[in-house]
1. How about region 164-206: which strands (runs of 3 or more DSSP E) wholly inside it have at least 1 residues that are more than 15 Å from the ligand (Cβ to nearest atom) and closer than 13 Å to Gln255 by Cβ?
2. How many residues, within region 135-163, are within 11 Å of the ligand (Cβ to nearest atom) and among the basic types (Lys, Arg)?
3. Could you check Thr70 against (1) at pLDDT 80 or above; (2) not in a helix (DSSP H, G or I) and say which number it fails?
4. Taking the stated definitions as given, is Gly183 over 14 Å from the mean Cα position of the chain (by Cα) and crowded, with 17+ Cβ neighbours inside 10 Å?
5. Those residues that are in contact with a strand residue (DSSP E or B) (Cβ under 9 Å, 6 or more places away or on another chain) and over 23 Å from Glu110 (Cα atoms), I need them from region 168-187; list them, please.
6. Only one of these conditions is not met by Ile222: (1) more than 16 Å from the chain's Cα centre (by Cα); (2) at pLDDT below 90; (3) within 15 Å of the ligand (Cβ to nearest atom). Which number is it?
7. Suppose we keep only residues that are surrounded by fewer than 21 Cβ atoms within 10 Å (Cβ to Cβ) and modelled with pLDDT under 85 within region 231-248. Which one would you say is farthest from the ligand (Cβ to nearest atom)?
8. Report, ordered by the first and then the second residue, all pairs with beta carbons closer than 8 Å, sequence separation of six or more or different chains, a first member in region 76-97 that is farther than 17 Å from Thr114 by Cα, and a second member that is surrounded by fewer than 15 Cβ atoms within 10 Å (Cβ to Cβ).
Amino acid sequence: MAIPQSITNRNPSQLYSDQGFLNHSEPNPLEISIPHIYSRPFIQHDVWQLKNNAAARNYEVALDRSSYETHFYNQQRIAAVIIGFQEKFFMEHPVATPAGFRKFLEASLEKILTEAEFDASPYVCKITDPSDDSFIHGYGKYLLYGDDNEGAPFCLQYFHFAPGQKTPLHDHPVACVSLVVKGQIVERHYQAVSATEARKTQITHRDYFDRKSILDLSAPNIHSLKNKQTSHAGSVHFYYMDGDVTSRAVKTIYQKAPQNGFSVIRNLQ
Ligand SMILES: [Fe+2]
């Protein structure tokens, strides 16, 4: 597994002087009153997910400078933990494959975050105006780790939800395991009624450290996540990125279809 150079050999002051990652422009610039910089310290060529420039531009929201530093150190500590796990794993399992190591990491997601002392405090999405069109889908997305892992690619992302923020209705071309690390998130499940519309079937409430797997990609996995609380919420997502040619973790975005008498199962966990 290649270790991204940017997270091993660089420090925040070097990153501030590297204008490369500042050249990305947000398609819909966010209204942030304080000076901000782009939230990705990785350089483009060393992150598998960022091979597609268009996807990269639509990827993350900005952080202010001090938050950016905390974000950077989160990335460094997570990388250090993963590298440590890698050494130990292949010492104990000398014939294991990169895919086996990825599965081990996925199963160890809680441990990775705990040992890395993951600090979710810098990720406070600053979009506060619900009348802003970007608000609904304006949750924060931050890359924590990405690697092609010798043919078994994966990445870790943190999603931050300010009160009221939610994802669109979507499904995935890749498997994902997610873990709530702050607050509470409501997950709504949907059934497709056409190629573009889906109907709500079930609601679950996910609390701190609740884990959810989307590993059966043969079945529809349409869902949305929302923070209905008045406090902030966040979750870490471990995406398997096999066979994906678009560098996107979302396959289809659906519109909400009318319920038409369909009952919704609540609080089924
Ligand atoms: Fe999802």
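The values are calculated or read from the model by the stated rules, or taken from the named source; none is laboratory data. Given the structure is predicted, the values throughout are model-derived calculations rather than measurements. Don't worry about glycine lacking a Cβ; one is built from the backbone with ideal geometry, like all the others, and counts go over all protein chains shown.
1. Values: elements: 176-182, 185-192, 197-206.
By residue number, 197-206.
2. First pass over region 135-163, keeping only residues within 11 Å of the ligand (Cβ to nearest atom): 157, 159.
Restricting the remaining residues to those that are among the basic types (Lys, Arg) gives none.
Residues in region 135-163 being within 11 Å of the ligand (Cβ to nearest atom) and among the basic types (Lys, Arg): 0 in total.
3. Here Thr70 meets the rest and fails (2).
4. Values: over 14 Å from the mean Cα position of the chain (by Cα): yes; crowded, with 17+ Cβ neighbours inside 10 Å: yes.
Here the answer is yes, as Gly183 does meet what is asked.
5. In the first step, residues of region 168-187 are kept if they are in contact with a strand residue (DSSP E or B) (Cβ under 9 Å, 6 or more places away or on another chain); the result is 168-172, 174-187.
Hits for region 168-187 are Pro168, Leu169, His170, Asp171.
6. Looking at each condition in turn, Ile222 falls short on (2).
7. Filtering region 231-248 for residues surrounded by fewer than 21 Cβ atoms within 10 Å (Cβ to Cβ) gives 231-232, 242-248.
So of that shortlist, the ones also modelled with pLDDT under 85 come out as 242-248.
Details: Asp242: 17, Gly243: 17, Asp244: 14, Val245: 19, Thr246: 15, Ser247: 16, Arg248: 11 Å.
Applying the filter and picking the extreme gives Val245.
8. Phe89/Ala96; Phe90/Ala96; His93/Gly100
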